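Enquirer: Sharing a structure, written as structure tokens. Questions coming.
The values are calculated or read from the model by the stated rules, or taken from the named source; none is laboratory data. Given the structure is predicted, the values throughout are model-derived calculations rather than measurements. Methodologically, a virtual Cβ is constructed for each residue, glycine included, from the backbone with ideal geometry; neighbour enumeration extends over all protein chains shown. The area values use the complete protein model at the heavy-atom level, side chains included, leaving out ligands, DNA and RNA. Shrake-Rupley method; radii C 1.70, N 1.55, O 1.52, S 1.80 Å.
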Amino acid sequence: QPVAAELLAHLERLALVDFRDAEGVVRLQRVIQFADRLHEVNTDGVEPMDSVLEDRCLYLREDDVTEGNCAKELLGNAREKVEEYFVAPPGNIPLPKLEEGETFLQGS
């Protein structure tokens, strides 16, 4: 079944992978084949879960900060970053350039 152009463009933007060449099409086909295996699982009578840990009691500990203010230092280790976030994993197409003050969320 064909994939709508809008969906393909959205997937490319999310994955940072160009699906318009032969390698990209093969990669997309493999992903779809992998996801299609989920249809083989019988889920009749199974209620959706909010979390895989929903049947356990989670105990939270106190969050004691021992050091901080090192974001600039940490981001210095990034192979690629956007605004103040690591970009991972890198795709095979570059991120579009942003205008001053614009964020990726504005285009969503």
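Enquirer: For residue 72, indicate whether it is among the basic types (Lys, Arg), surrounded by 10 or more Cβ atoms within 10 Å (Cβ to Cβ) and modelled with pLDDT of 80 or more.
Expert: No; evaluated as a whole, the condition is false for this residue.
Enquirer: From the list 90, 94, exactly one residue is modelled with pLDDT under 80, of a type outside the set (A, V, I, L, M) and open to solvent by 100 Å² or more (accessible area, probe 1.4 Å). Which is it?
Expert: Criteria check complete, one pass: 94.
Enquirer: Going by what's in this entry, would residue 52 be described as surrounded by fewer than 10 Cβ atoms within 10 Å (Cβ to Cβ), under 30 Å from residue 87 (Cβ atoms) and among the hydrophobic types (A, V, I, L, M, F, W, C)? If you could, list the steps in order and put the result at the bottom.
Expert: On the way: surrounded by fewer than 10 Cβ atoms within 10 Å (Cβ to Cβ): yes; under 30 Å from residue 87 (Cβ atoms): yes; among the hydrophobic types (A, V, I, L, M, F, W, C): yes.
So residue 52 fits the description; yes.
Enquirer: Which one is modelled with the lowest pLDDT among residues in region 1-28 that are more than 30 Å from residue 81 (Cβ to Cβ) and open to solvent by 100 Å² or more (accessible area, probe 1.4 Å)?
Expert: 1
Enquirer: Still on this model: Residue check: is residue 35 open to solvent by less than 90 Å² (accessible area, probe 1.4 Å) and modelled with pLDDT of 85 or more?
Expert: Yes, satisfied.
Enquirer: On to the next question. Within the set of pairs 6+ apart or on separate chains, which have a first residue in region 57-86 that is without any contact (Cβ under 8 Å) to a residue 24 or more places away in the chain, a second that is assigned to a strand (DSSP E or B) and open to solvent by 100 Å² or more (accessible area, probe 1.4 Å), and C-beta atoms under 7 Å apart?
Expert: 75/81; 78/86
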